[in-house]
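Step one of this worksheet: look at the structure below.
The values are calculated or read from the model by the stated rules, or taken from the named source; none is laboratory data. Note that the coordinates shown come from a computational prediction; the quantities given were computed from them, not determined experimentally. Using ideal geometry, Cβ is built from the backbone for each residue, glycine included, and neighbour counts are taken over all protein chains shown.
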Amino acid sequence: MINFDNVSKDYPGSAAALAGVNLQVASGELLFLTGPSGAGKSTLLKLIAAIEKPSSGAVLVGAQDIGQLRPAALPYLRRKLGLIFQQQRLLPDRSVAANVMLPLLVTGTSRAEASKRALAALEKVGLTHKAGHAPATLSGGEQQRATIARAIVHQPQIILADEPTANLDRVAALGVLDLLRDFNRAGVTCLVATHDRHFLNAGDRMVELDQGRIVHHAPGAA
């Protein structure tokens, strides 16, 4: 499903964010990425989503070489992906349901179909009763579940989650983990970057990065 072949990513004036990374992720795998801040976890996820391009080496998603994709091809790649990044926020001037509908509307789905699928996604994350609410009225855990609903509303093949439980209490964090495992059991490939050591045995595999390099692999207990 995903292949990193000797991938490096450099930024001017700083140490390499990734250096010679080789990694294969199988279809349907639940993989947790861990390591200290600045280890390269977020960069690795952004390379898969073509938010960044590798400085050297190749990143393949399916048969697509991400570094060679033309801008016009990016929307087609991202239709395969559900992105849960820390910097993504719900739009405050739209209801929860309207936020979840957005990925469908921008790809030309009719408003009626988008509304139907948004409600189905909210049902999966247990938020149907908050569909018409403003995001500001939701708790932190509810807002993160709404963000997950937005990420999966278009039924992606791959979920990329960057610290999806950051700033959540333990109950809310475990709820997010349960959701990701549910999607994985339905066949979705999931890569999750996390500092939370409680989660690292919950997947098929844990990969630890440090200073842009993979320093440890371990099987999970899933």
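Some notes on this structure:
- Tallying residues that are over 30 Å from Arg185 (Cα atoms) and of a type in the set (D, E, K, R) within segment 1-46 yields 2.
- Residues of segment 145-173 that turn out to be of a type in the set (Val, Ile, Thr), over 14 Å from Leu45 (Cβ atoms) and either surrounded by fewer than 18 Cβ atoms within 10 Å (Cβ to Cβ) or in contact with a strand residue (DSSP E or B) (Cβ under 7 Å, 6 or more places away or on another chain) (or both), as a count: 4
- Flag if Tyr11 is in the same structural domain as Met206 (by TED's automatic domain parsing), surrounded by fewer than 21 Cβ atoms within 10 Å (Cβ to Cβ), assigned to a loop (DSSP other than H, G, I, E, B) and modelled with pLDDT under 95: yes
- Matching residues, segment 75-117, being small (Gly, Ala, Ser), farther than 23 Å from Asp162 by Cβ and surrounded by 17 or more Cβ atoms within 10 Å (Cβ to Cβ): Ser95, Ala97, Ala98, Ala114, Ser115
- If you go through segment 64-123 and keep only what is in contact with a strand residue (DSSP E or B) (Cβ under 9 Å, 6 or more places away or on another chain), at pLDDT below 90 and among the small types (Gly, Ala, Ser), you end up with Gly67, Ala73.
- Screening the candidates Ile214, Ile148 for the property of being among the β-branched types (Val, Ile, Thr), modelled with pLDDT of 90 or more and part of a helix (DSSP H, G or I) yields one hit, Ile148.
- Among the residues examined, Val176 does not qualify as within 20 Å of Lys80 (Cβ to Cβ), of a type in the set (A, V, I, L, M, F, W, C), in contact with a helix residue (DSSP H, G or I) (Cβ under 7 Å, 6 or more places away or on another chain) and crowded, with 20+ Cβ neighbours inside 10 Å.
- Pair list, Cβ < 8 Å and 6+ apart or interchain, from segment 55-67 residues that are over 10 Å from Asp5 (Cβ atoms) and assigned by TED's automatic domain parsing to the domain that holds Ala26 to residues that are loosely packed, with under 14 Cβ neighbours inside 10 Å and among the small types (Gly, Ala, Ser): Gln64/Ala73
- Of all the listed residues (Leu191, Leu209), the sole one being crowded, with 20+ Cβ neighbours inside 10 Å, out of contact with any strand residue (DSSP E or B) (no Cβ under 6 Å at 6 or more places or on another chain) and part of a strand (DSSP E or B) is Leu209.
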